[in-house]
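K.L.:
Right, I'll just put the structure down here and ask away after.
Taken together, the values in this text are just the output of simple stated rules run on the coordinates, not laboratory data. Values in this document were obtained by computation on a predicted structure and should not be read as measured data. In this analysis, Cβ positions are derived from the backbone assuming ideal geometry, glycine residues included, and neighbour counts consider all displayed protein chains.
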Amino acid sequence: MELFVVLTSFLALAIGTLAIGQPASLTFSETAGVLKLGGTGSSPTIVIDAKDWAGVTRTANDLANDFGLVTGTKGKVSSSTSGLGDVPVVIAGTVGNSPLIDSLISAGKFDVSAIKGKWESFMSQLVSNPIDGITSALVLAGSDKRGTIYALYDISEQIGVSPWYWWADVPPKKKTAIYALNSTKTQGPPSVKYRGIFINDEQPALTNWVSSNYGGKYDSRFHAKVFELLLRLRANYFWPAMWNSKFYVDDSKDGPLAGEMGIVMGTSHTEPMARADKEKVKPWDWKSNQSNLKKYMQEGATRAKNWETLWTMGMRGDGDTGSPTLDATQLVDVMNYQQSVLKSTIGTVDPSKAPQMWCVYKEVGGYYQKGMKVPEEITILWSDDNSGNVQRLPIAVETSRVGNSGVYYHFDYVGDPRNYKWINTIQLSKTWQQMHLAHQKNATQIWIVNVGDLKPLEIPISHFLDMAYDMSKFMTADSTDPWLKAWATREFGSEVATGTVEAMATYGKLIVRRKYELLNLTPFLYSTTNYDEAANVLGEWESLQNKTQTLYDALDADTQVAFFEMVLHPIMAGRIVQQVYINAARNKAYAAQKRMSANKLADDVKAAYAQDAVIQKRYHSLLNGKWNHMMDQIHFGYNNWQDPASNSMPSVSTIGTTAPSGGILGISVQGSTASTPGDAAPALLALDPYTPENRSIELYARGSGTVDYTITPSAPYITVTPSTGTLSYPSGTSDIRALISVDWSSAPNGSSTASISIKPKTGGTETKLSLPLNNVHVPGDYKGYVESNGAVAIETSHYTSLVSGGSSSRVEVIPNYGRTDSGITFMPVTAGTQTVSSAPKAMYSFYAFSSVSSAKVSVYMPPSFNVDPGNPFKYAIALDDATPTTVAPVPSSTLGAMPSDWKDSVQNGARISTTTLGKVEPGAHKLTVSLLEPGTTIHRILVDLGGVKSSYLGPPESSKVGM
């Protein structure tokens, strides 16, 4: 699909409104048939019938205020239609609950048949002479309370008030004129019925912020801000903070407020029957304390019965653990009792009147695995692994359940392998892949996402909830970047939207490699020896920050605040953490080579670590301290899954300044830890016309003093830049990288060996480095990848060709997915399992110069689960015309347990599956990858022809010819 086509499905570019993903009903320039609603010095009167829901009137007041933010003049809210004269009018109300709207329907002036009886739907339309004395009005009608609320907030978003205007300080977009189009707009019902967030893991950051702003409690003032945000984001469901708060107890206004505003209240997977964890009776044990637990659950139902509640069913052990005494039979007994309470208290267990859910979380999955029969009315809420990988989705026999299914997802977590709760570490394209799969597998009753402190996760929250509201805009694998561009346009303006997409897409690839809290695992993930990996990764972060800073600098001062909070800060703060850990690893490697720059790196690590606190202070100082404490979370120095007591810098080494006997000048090369003179002079890695990386020589000072040097190749077709120079420590330049280039038109054909001599001008020892050369060439008409140094590294989006499969199945590219570039996936996910012959295929041409008896191919995939255990993810891979090898890469596991490779794959952001290809001869080859199971996703392929060296990300992408 063309990018413009996808983008226009998100953003009404033609008329300039700023609503994402939905039809426009407003414009900002006068055209035929429009109604002027407001402009400089004017805003409309919003008429709400006094008998309508209180939450509708509350939202109308928000819209009136939003007009003021945009035009400079607040709108008015009235329950009367008399005396309005020529004032522009918006009439809004709920079908069946607003006599005013119902009178328009009865009079034949407004037809709501398209939304009547539907869930959370609305219509808007210009109506002529709706009421005596009013010539024309924009009429908004909701099918239910939230339908009307969404209709009102839809106008707010279109005129230029972001849902994040308060929580992320997005400035309203000023308008000189606002017009309602003469058109009918229909919206809803949503793709997922219950859509919301779970505030969790909220200590220290959010709790400290709440203590400073709301007197120490998560009270109704706090919840009013959260509920408004949810409704503006078209969400409807909320799990309140649980670590040290009690929603219904801390503030008696909380429950009524949720009911008034239209929020469906729930509680987490470990808090049954609308009761907070901190209210639990002791002992929390169904076997020994059943009578008190029954009373506890009854009290919860009685307290929450008058508000819209989605009831959490079942029970777990105390403290977010498994129960030591419950088994599958007893858990059904618990559910049966809970349903009896709902029948006696509410009068029904019909999901339309008393929705219920049971979350299959951690050990709870083991009960279901053993054949536990969950009452049909209860929604099965499938969970991810706490790291964004959904463990299970409904299979064929589960899709017809009355209560349907849903997903509990995580953007934040406290637990194994390590907590991640500091800043945004979410790759949007991965969220799309997982939630699109969930939607297509019919898990559409509930989507709830753990958002930790809420504040640092604005972008992934928006993305998640927009998908939940209208998945029809996200049905292709390339939908994420267009959504992100529409989002960035709404928040910051079109001038920086494209750059923001590039920034956040790049950030997603950098952070999916490993969470910040895991960066100090040993051995250090990025190689300081091979492929210049550690230095290159740091360079990626530096380049990203520089580009993002340029975007920031182009914005006005007000917009800069929002951009800093949501885009620049995570990139800047993340870059610092990466710099600390990468340069600490380089420091150790350089110290072992006696490089004096090890001391400079030690200073750099200390300075960067100090800069982390400076960035934190900058965030906390925004808007006179509005967000003070929001970045209190510890993020350095983890040594187990739990937070350390405080941040701590990784250790660094310094070395003495006395030069070794071989002299001040030290020399190292890629692929070797040797430092010469002293160690045996290493050979340079081989170089050919298709080598995708620079070949270089590292020259450095190994003590105090100054040394001049010259570099002399043995052949005229070899150039080294710079060929002369001066190294000096402690002042001056202590390290120089000399790049090697070859004039291949003059070099001897085939394999040869040259040498490069490095000689200090005074003192020291001359070093001669051997340089293997392979002057080889592919045929002139060849198109594809080219081997270099025994490796072919393939980014999956750069295929030679694609072949569609049976059941209209196909390969689609997921842009900006995985750790390095993009991914490919099997679509549609409803197509069914395929055979090798019927599967959609991606083919990759590569040209080999090596002769290998047993080549291997490694396929990089996400750390996914087999969401349908009976049909595991599979692919088949074949070299040329060989029989394909079928691979099911995800180790089998049971619900409640993780696959054997789970921890490694989650820590590394990838599962790598290696297969033997067999013999490879020099010449052109074709690698065919067949995707056999819907949802199978691959993001990199590495063919090892004997030359792949140890690294985290693998070699850089191989050179391509004719592509």
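K.L.:
Where a ≥ b ≥ c are the square roots of the eigenvalues of the C-alpha gyration tensor, would you call region 601-650 rounded, which needs a/c under 1.5, or, failing that, prolate if a/b is larger than b/c, or oblate? Each step should come with its number before you reach the end.
P.N.:
Numbers: a/c = 4.60, a/b = 1.33, b/c = 3.45.
Since a/c reaches 1.5 but b/c is at least a/b, the shape of region 601-650 is classed as oblate.
K.L.:
Please determine, in degrees from 0 to 90 and to the nearest 10, the orientation of helix 569-592 with respect to the longest principal axis defined by the Cα atoms of the chain, where the helix direction is its Cα long axis.
P.N.:
In the chain, helix 569-592 runs at an angle near 30 degrees to the longest axis.
K.L.:
While we're here: Give me D for region 784-961 in µm² s⁻¹, whole number, from Stokes-Einstein with Rh from the Kirkwood sum over alpha-carbon pairs, 25 °C and 0.890 mPa s. Provide the component values of the computation, followed by the final result.
P.N.:
Values: Rh = 16.4 Å.
It comes out at roughly 150 µm²/s.
K.L.:
Express in whole angstrom the spacing between the alpha-carbon centres of region 325-377 and region 98-122.
P.N.:
With region 325-377 and region 98-122 each reduced to a Cα centre, they are spaced 37 Å.
K.L.:
Roughly how many whole Å is it from the C-alpha centroid of region 839-917 to that of region 253-269?
P.N.:
Using only Cα atoms to place each centre, the spacing works out to 45 Å.
K.L.:
With a sphere of radius 9 Å drawn around the Cβ of Met123, what net charge do the other residues whose Cβ falls strictly inside it have (Lys, Arg +1; Asp, Glu -1)?
P.N.:
Values: positive: Lys185; negative: Asp111.
Result for the neighbourhood of Met123: 0.
K.L.:
Please report the relative contact order for the chain, taking Cα pairs under 8 Å with a sequence separation of at least 6, and give it as a percent rounded to a whole number. Numbers along the way, then the final one.
P.N.:
Numbers: 2174 pairs, mean separation 89.3, N = 963.
After rounding, I find 9 percent.
K.L.:
Give me the percent of Cα-Cα pairs in region 877-963 that sit more than 15 Å apart, rounded to a whole number. List each step's numbers first, then the result.
P.N.:
Details: 2638 of 3741 pairs.
The calculated P(r) of region 877-963 puts 71 percent of pairs beyond 15 Å.
K.L.:
Amide H to amide H under 5 Å from Leu381: which residues, 5+ apart in sequence or cross-chain, H placed 1.01 Å off N in plane?
P.N.:
Hits under the 5 Å cutoff: Trp358, Cys359, Val360, Gly406.
K.L.:
Next up: How about region 353-387: which trypsin sites (Lys or Arg not before Pro) there are in a DSSP loop, with at most 12 other Cβ atoms within 10 Å of their Cβ? Spell out each step's value before the answer.
P.N.:
Numbers: sites: Lys353, Lys362, Lys370, Lys373; in loops: Lys353, Lys362, Lys370, Lys373.
Listed in order of number, the matching sites are Lys353, Lys373.
K.L.:
Another one. Mind grabbing the base-10 log of I(q)/I(0) for region 513-625 at q = 0.13, 0.14, 0.23 Å⁻¹? Debye formula, identical points on the C-alpha positions, no solvent, two decimal places.
P.N.:
After summing over all Cα pairs, the log10 values are -0.56, -0.64, -1.30.
K.L.:
What does the highest-first list of 100-107, 489-496 look like by mean Cβ count within 10 Å? Don't jump to the answer; show the numbers that get you there.
P.N.:
Values: 100-107: 18.0, 489-496: 20.8.
Order by mean packing, descending: 489-496, 100-107.
K.L.:
Using the alpha-carbon atoms, what tilt in degrees (0 to 90, nearest 10) does helix 533-553 show relative to the longest principal axis of the chain?
P.N.:
On a 0 to 90 degree scale, this one is about 50.
K.L.:
Separate question: Once you sort the root eigenvalues of the Cα gyration tensor of region 151-210 as a ≥ b ≥ c, which label holds: rounded (a/c under 1.5), prolate (a/b larger than b/c) or oblate (the other case)? Before the final figure, lay out each step's value.
P.N.:
On the way: a/c = 6.09, a/b = 1.56, b/c = 3.91.
Oblate, since a/c reaches 1.5 and b/c is not below a/b.
K.L.:
Continuing with the same structure: Taking neighbour counts of Cβ atoms within 10 Å as a proxy for exposure, in what order, fewest first, do Trp744, Trp209, Trp483 appear?
P.N.:
On the way: Trp744 17, Trp209 22, Trp483 25.
In order of increasing Cβ crowding within 10 Å: Trp744, Trp209, Trp483.
K.L.:
Apply the Kirkwood formula to region 194-476: the hydrodynamic radius equals the inverse of the mean of 1/r over all pairs of different alpha-carbon atoms; give it in Å with one decimal. Let's see the in-between values first.
P.N.:
Numbers: mean 1/r = 0.0527 Å⁻¹.
In region 194-476 this quantity evaluates to 19.0 Å.
K.L.:
Would you list the P(r) distribution for region 673-775, with all Cα-Cα distances sorted into 10 Å bins from 0 and each bin expressed as a whole %?
P.N.:
14, 47, 28, 9, 1
K.L.:
Please report, in debye to the nearest 20, how large the charge dipole of the chain is about its Cα centre when each Lys and Arg carries +1 at its beta carbon and each Asp and Glu carries -1 there.
P.N.:
Details: 82 positive and 87 negative charges, 166 e Å.
So the dipole magnitude of the chain works out to roughly 800 debye.
K.L.:
Quick check: the distance between the Cα centres of region 762-825 and region 438-477, to the nearest angstrom?
P.N.:
About 34 Å separates the Cα centre of region 762-825 from the one of region 438-477.
K.L.:
Then there's this: Defining a contact as two alpha carbons under 8 Å apart and six or more residues distant in sequence, what relative contact order in percent does region 513-625 show? Working shown, then result.
P.N.:
Details: 84 pairs, mean separation 29.1, N = 113.
Once normalised by length, the contact order is 26 percent.
K.L.:
Can you show me the helix-derived [θ] at 222 nm for the chain, built from DSSP H runs with n ≥ 4 at -39,500 (n - 2.57) apiece and divided by the number of residues, rounded to the nearest 500.
P.N.:
Working: 20 runs with 262 residues, N = 963.
Only helices count here, giving -8500 deg cm²/dmol.
K.L.:
For helix 480-492, report the angle its Cα long axis makes with the longest principal axis of the Cα atoms of the chain; keep it between 0 and 90° and round to the nearest 10°.
P.N.:
70 degrees
K.L.:
Classify the chain from the C-alpha gyration tensor, please: rounded if a/c falls under 1.5, else prolate or oblate depending on whether a/b exceeds b/c.
P.N.:
It is prolate, given that a/c is not under 1.5 and a/b is the larger ratio.
K.L.:
Let me ask something else. For Glu157, what charge total do you get from the other residues with a beta carbon under 10 Å from its beta carbon, if Lys and Arg give +1 and Asp and Glu give -1?
P.N.:
On the way: positive: Arg232, Arg234, Arg490; negative: Asp66, Asp154.
Around Glu157, the charge tally is +1.
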